[in-house]
1. Looking at R649, R636, R640, which one is open to solvent by 70 Å² or more (accessible area, probe 1.4 Å), under 19 Å from V591 (Cα atoms) and more than 30 Å from the chain's Cα centre (by Cα)?
2. Within the stretch 163-210, which residues are closer than 28 Å to I128 by Cα, touching a strand residue (DSSP E or B) at 6+ places or on another chain (Cβ under 7 Å), open to solvent by less than 50 Å² (accessible area, probe 1.4 Å) and of a type in the set (A, V, I, L, M, F, W, C)?
3. Say whether the condition of being in a loop (DSSP other than H, G, I, E, B) and under 29 Å from G541 (Cβ atoms) is met by at least one residue in the stretch 429-441.
4. Within the stretch 87-96, restricting attention to residues that are surrounded by 14 or more Cβ atoms within 10 Å (Cβ to Cβ) and without any contact (Cβ under 8 Å) to a residue 24 or more places away in the chain, which residue is farthest from K212 (Cα to Cα)?
5. For the stretch 104-118, which positions are touching a residue at least 60 places away in the same chain (Cβ under 8 Å) and either assigned to a strand (DSSP E or B) or open to solvent by 50 Å² or more (accessible area, probe 1.4 Å) (or both)?
6. State whether one or more residues within the stretch 683-699 are surrounded by fewer than 15 Cβ atoms within 10 Å (Cβ to Cβ), among the basic types (K, R) and over 19 Å from L592 (Cβ atoms).
7. Only strands (runs of 3 or more DSSP E) wholly contained in the stretch 222-292 count here; list those with 2 or more residues that are at pLDDT below 95 and open to solvent by 30 Å² or more (accessible area, probe 1.4 Å).
8. Output the qualifying pairs, or none if there are none: Cβ atoms under 8 angstrom, residues six or more apart or on different chains, first residue in the stretch 625-638 and without any contact (Cβ under 8 Å) to a residue 12 or more places away in the chain, second residue among the hydrophobic types (A, V, I, L, M, F, W, C) and in a loop (DSSP other than H, G, I, E, B).
Amino acid sequence: MKKKLILALALVLLAQTGCSSTNAAENKNETEKIAPIANEDEKPMPKGVSKEYTKEELVKIAKKAFDIPDDFKEVQIDSNEDERGKVYNINWNDPDSDRNASVNIASTGEPLSYYSYDGTENRTDDLIKPSFPYEHGAQLAKDSLYKILGEKADFFRLDETISGEIDRYNKTYHYRFNKYVNDIKVQTDGIIISLDINSAKIREYDLNSSVKYDLYDLSHYAAPKDIVDNDDAWITFREYNPLLLNLKRIVDLKTKTLFPEPKYIPTYEFADAHIIIDAKTGKPEKRILYHGYDLVKEGAAPAEMPKGGLTAIEQEEIENTNVKVSPEEAEKLAREIANIDKSVKLQNIRLGKYNQNEKKQLWSMQFENDENHITVDIDANDKTLLGMNKNRFSREDEIDISKIDSEKSIQIAKEFAKKYAADILDKLEMTASSKIPEDGNLNFIEFIRKLDENYYLIQDRISIGINPKNYEVVSFSRSFYDDIKVPNEKIINLDKAYDILYDNIDFELNYVLNNDRNKMELKYVLDPKEFSPLIISAKDGQFLDWKGTPISAKISGYEDIENAENKDEIELLSRYGIKYLQTKLEPKKIVLQKDFLTLLMTAEGNYYSDTEDFDLIYEYAIRNGIIEKSEESRDRKLTRKDIAKYLIRYKDIEEIAKLEGVFKDVYKDANGDANLIIVGKLGWIDAKGDKILPNEEVTREEALMIFYNMLFK
């Protein structure tokens, strides 16, 4: 309330003086333009000598690296050690001022993490304008890295695929530096540096080193000699994990109905997202991928009340829960399928739905003793096996990959499928990647749904896990819908899809940590970069998210940002997450109601998706009084008068705007509209001399600049 009164007083003074606001363009903070860091050329690796430092030396290294002052009143030092090396944890504290700093540093001199609080930072959701651009900060972060690590910083290169969004709570930019050895990226290792957007101070620093903290110790890295060619590796990758024309099922989890109808879109996808190629042998390798049931969100459904006090849908639901298989029958069947003896007790059994669209029921059971944890899911009417998992193996049970008989695993999986998935087996096709043996204690054999000679439905599948030590089936999952109509629509061909993939995604040599976590091996890895998951629209070749909505890799989120007159301001808003959800800005196009409300919601930091959900946006806007339900007109083109009204409501100062005799007609065409007078005098909407132009339509770029003026002027 106090803030409202202060604002009201300011508005009164503004109205009485009739002073004009300064144009936003004249108020720009002219920060020196610094070009982004260029891609770094290949350079020799540092070849220093490993050294163990004393505690005194390590404290000095840490203080110098992060400019830690001498006036802390308390300090605590302890240490821990693992297979990667010894680490000292140094903590400084000042109980009188709440200042503190913490550094973890390896005994070989590499700072591993840093965090500080100087007692003055005000962590709020209020947005502030950075004192330097993101690109300038990238150079500052790089310079800091050399200060922290010295020549060891040469192991690290800036990852320019990071989006560059601002942490709106901590007011920091985040920069990631990937580690390179022998000019080859190390997949798991890197550094994150967070810089304060105002002071440019390092707020957080974290170095991840998977095998050894000592950066000079490269003994665990495979030598890049006698490796297979990238093109040959790509051919092998395509053989064992080809792109498939897929009919992707999209289920709207945010629908208000309990039984959402799925929609299907044609895509190109991989059946297995976790295939890599060994760079020494050229052989494919596979990682474990789990699949579960499709879930839906609970909601509400209206119905009329018949005689007897139950609605028709309530009666139907009661009948649906009257299952044919008793709990005792389900337990007996589960023990037979999973070979569970009486020493493993049934701990829990529950009845639930596993396919809401068809309202199917399942018995879900858990069996346990000291050595076993086993789950089994069975259809509660027709006894179909839906899932099984037998967890009774530790890492000590793992078997060397060279000793695994993949053909035997496949044969056992096929026999199991014939016995427990016979009703759908003729509609399934084994994935090419199932032929690849896996390191570890499970070998997965996957069967995906084949709809016709062209289309697959990758989400519909069965997965069978084989223990390669004794070739026992230890896991099973099934996800399968009923009849689906294959569309007859024009799509891009497979070669075009591969071209799109190859042009946008890197298939490159990486160092990958082995299963024993003690060596870095050379593998060819498909790197999705900004496009994850790897889903390509079969209609137009765009990359899609899980909802089937096009995604953009650009920082601004707009493909046509170069057409904007206020590019820097728009990109700053985007770094705070304030943006339209379309991939094109279309700056001269008139802004629609639904898109302006999107900006309002993203400005609050309450929208966490890069794709459109206008139902959610309107629910937010109506709930918060920004618009009334009767005003909803999603495709309405907005005028300055419309936007002024929404902003006044958004700022919760509508009561002030209704005060009589306070706001003079400082604009000739305002006609006493207090909303227009307020937003004009505050400089949110630029007046044209002594006119505010209430009925002038607002472009999409102008709408963004209204937000920029409101937040940063």
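1. That would be R636, the only listed residue that is open to solvent by 70 Å² or more (accessible area, probe 1.4 Å), under 19 Å from V591 (Cα atoms) and more than 30 Å from the chain's Cα centre (by Cα).
2. Of everything in the stretch 163-210, those that are closer than 28 Å to I128 by Cα, touching a strand residue (DSSP E or B) at 6+ places or on another chain (Cβ under 7 Å), open to solvent by less than 50 Å² (accessible area, probe 1.4 Å) and of a type in the set (A, V, I, L, M, F, W, C) turn out to be I166, F177, I191, I193, L195, I197, I202.
3. yes
4. Ranking the qualifying residues of the stretch 87-96, first place goes to N93.
5. Result: A106, P111, L112, S113, Y114, Y115, S116.
6. Within the stretch 683-699, one or more residues are surrounded by fewer than 15 Cβ atoms within 10 Å (Cβ to Cβ), among the basic types (K, R) and over 19 Å from L592 (Cβ atoms).
7. Once the strands (runs of 3 or more DSSP E) in the stretch 222-292 are filtered for at least 2 residues that are at pLDDT below 95 and open to solvent by 30 Å² or more (accessible area, probe 1.4 Å), what remains is 263-270.
8. none
The values are calculated or read from the model by the stated rules, or taken from the named source; none is laboratory data. The structure presented is a predicted model; accordingly, all values stated were derived computationally and were not measured. A quick note on method: Cβ atoms are made from the backbone with ideal geometry, for glycine too, and the neighbour counts reach across all protein chains shown. Quick note on the areas: whole protein, heavy atoms, side chains included, nothing else; ligands and nucleic acids left out. Shrake-Rupley method; radii C 1.70, N 1.55, O 1.52, S 1.80 Å.
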